[in-house]
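Written out below as structure tokens is the structure these notes cover.
Taken together, the values in this text are just the output of simple stated rules run on the coordinates, not laboratory data. Bear in mind that the values here come from a model prediction, so they are computed numbers and not experimental data. Here the Cβ positions follow ideal geometry from the backbone for every residue, glycine too, while neighbour counts run over all protein chains shown.
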Amino acid sequence: MRQVPLREFRIRGEKALASVPKGEVVLLSGQKGPVYYLVPVQGDLAIGDKELRRAMAMASLQESWRYAESRGLDKLSDEEIDEEIRTVRQQRSKSEIAPLELSSFKRAHWP
């Protein structure tokens, strides 16, 4: 995998990728680290699209897990999760128009 500065790619476009062998994945990096992957399309586009969507979904899940861990939410018991769900559902059933109130757990743990 080759790494190309994002600034260079923005300025030079395709020319910035001239040294990258055909079919190789490129990592575009910004000032704060890796930003994007450029993945070449090979073979069946439908299969490639499915694999890309799966990878994006996994990345999103990992981000959610890191967020939950940073807030201590990964330590919730099943009972606490069920109670949070019940609270939200009760609020929704009272009024579909009124904004949801945060439960006491969320007020204490979420920004």
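Express as a percent, rounded to the nearest 5, the fraction of DSSP beta bridges in region 1-40 (both residues included) that run antiparallel.
55 percent
Each residue of region 25-40 in turn: what ³J(HN,Hα) in whole Hz from Karplus with 6.51, -1.76, 1.60 and θ = phi - 60°, glycine and Pro shown as x?
Along region 25-40, the couplings run 6, 10, 9, 8, 10, x, 5, 9, x, x, 10, 9, 9, 9, 10, x Hz.
Give, rounded to the nearest 20 debye, the magnitude of the charge dipole that region 1-40 has about its Cα centre when Lys and Arg contribute +1 at Cβ and Asp and Glu contribute -1 at Cβ.
Roughly 120 debye for region 1-40.
For Val4, what residues show an amide H to amide H distance below 5 Å, using hydrogens built from the backbone and excluding near sequence neighbours?
Amide H neighbours of Val4: Leu27, Leu28, Ser29.
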